[in-house]
Amino acid sequence: MTTTPAPARSRWFKLLWIVPIALVVIVLGVLAARAITGIPAVQSFMTDYPGQSQLPDDAPIGFPVWLSWQHGLNAFFLLFILRTGWILHQAKRPDAFWTRKNDGRIRTKGAPVRIGIDLWLHIVIDTLWVLNGVVYYVLIFSTGQWQRIVPTSWDVFPNAVSAGLQYASFEWPMDNGWVNYNALQLLSYFAVVFIAAPIAVFTGLRLSPGFAARFRSLDKVFPYKTAKRVHYWTMIFFVVFTVTHVTLVLATGAQRNLQHMYASRDDGGWAGVVVFASSVVLMIVAWFGARPAVLDRLAGLGGTVRRMPKRP
C-alpha cells in the first residue's frame, strides 16, 4: 500500500483551501463593486468615462487574417513555453541531455554546452515565439494596428478604472472589440506586447546557457538570481493574463469574440468557433504527443541526445 508523502499532502491541503477562499473573495469583490457603482459620484464618473477611449481617426477597423494566424501561433507557443518553463522551475534532474552538433553552418570555437532536453524544447519554442513576435511587430506598425493597443490619450486611465468597475460588478462594458477595445483591454494588451514580452526575452537570454557567461559583467547591476526571479514572475503574469483573457472571451460573447479573432469576420457565423476548437484539439494532440521518443527524434536532428538511466 502506497501513501502520499507528507509535503505532498500539505500542498494538496493548501490547494483545497484556495478554491473556497477565492470564491469568497470574488463574491465580496462583486458586492463591493456594486455598492461603489451605486454611489452618485461614481455613476457620474462612469458617465464621463464609459470605459473606452477614442481611437485616432485613421485607426483600422477589424482584424486582418494575418493577425488571426499570429494569435493562434502565439497561443500554441505560449502553451509549451509555460509547460517547459514550469518543468525547469521545479529544477528536477533531466531525463535526457542534448548536445549541439558543432559542424556544418553552426560552428563555434568552444565546445557546445550540454543542456537538459526540457531546456532544449524551451529554447526551441522560445525562438519560434520570438520570431513570431518580430513578424507581429513589423505587421502592426506597418498596417496601423498598433493604434488599437497603444494608448494615445491620457483618458485611457480613468476609462480603465471605469471598465474595471464594470467587470467587477458583472456589468460587462458595452463595447465591440471589432472596432475598439475597452481601456482595460487596451492597457492589458499593451503591457503584454510591449512590457512583459520584452522582459521575458531579455531575462531569458540572461539565463540562457552560452549567454549567461557572456553577461557576467551585468552581475553588479542585474544579478543572475534577480533575472531568474523576474523571469519566473513574468511567467506567472502570462499565466494569470491567459486565464483571465480566455475566461472573459468566453463569458462576454464567445461566438462573436471567436468569430472576430479566429475568422477575421464580424458576423454571426461559427467559423471562428470551429477554428478555435480545432486549434485546441491541435494543442492537446501536441501536448500528449511531446513524448520522450518524439522529443529525442526531433532534438537528434541538430544534436546528440543521451537518455539517463532511471534511478531505482
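The values are calculated or read from the model by the stated rules, or taken from the named source; none is laboratory data. Keep in mind it's a predicted model, so treat the numbers as computed, not measured. Don't worry about glycine lacking a Cβ; one is built from the backbone with ideal geometry, like all the others, and counts go over all protein chains shown.
Side notes on the structure shown:
- Answer residue from region 164-196, given it is more than 20 Å from Ile236 (Cα to Cα) and polar (S, T, N, Q) and is modelled with the lowest pLDDT among those: Asn176
- Put simply, of Phe77, Phe63 the only residue that is within 24 Å of the chain's Cα centre (by Cα) and not in a helix (DSSP H, G or I) is Phe63.
- Matching helices (runs of 4 or more DSSP H) fully within region 100-211 where at least 1 residues are under 30 Å from Ala293 (Cβ atoms), out of contact with any strand residue (DSSP E or B) (no Cβ under 6 Å at 6 or more places or on another chain) and among the aromatic types (Phe, Trp, Tyr): 117-143
- Qualifying residue in region 263-275 (condition: within 27 Å of Tyr167 (Cβ to Cβ), assigned to a helix (DSSP H, G or I) and free of Cβ contacts under 8 Å to residues at least 60 places away in the same chain): yes
- Where Val221 falls short, out of the listed (1) under 22 Å from Val240 (Cβ atoms); (2) in a loop (DSSP other than H, G, I, E, B); (3) among the β-branched types (Val, Ile, Thr): (1)
- Applying the set (1) surrounded by fewer than 13 Cβ atoms within 10 Å (Cβ to Cβ); (2) among the small types (Gly, Ala, Ser); (3) part of a helix (DSSP H, G or I); (4) touching a residue at least 12 places away in the same chain (Cβ under 8 Å) to Ala293 leaves exactly one unmet item: (4).
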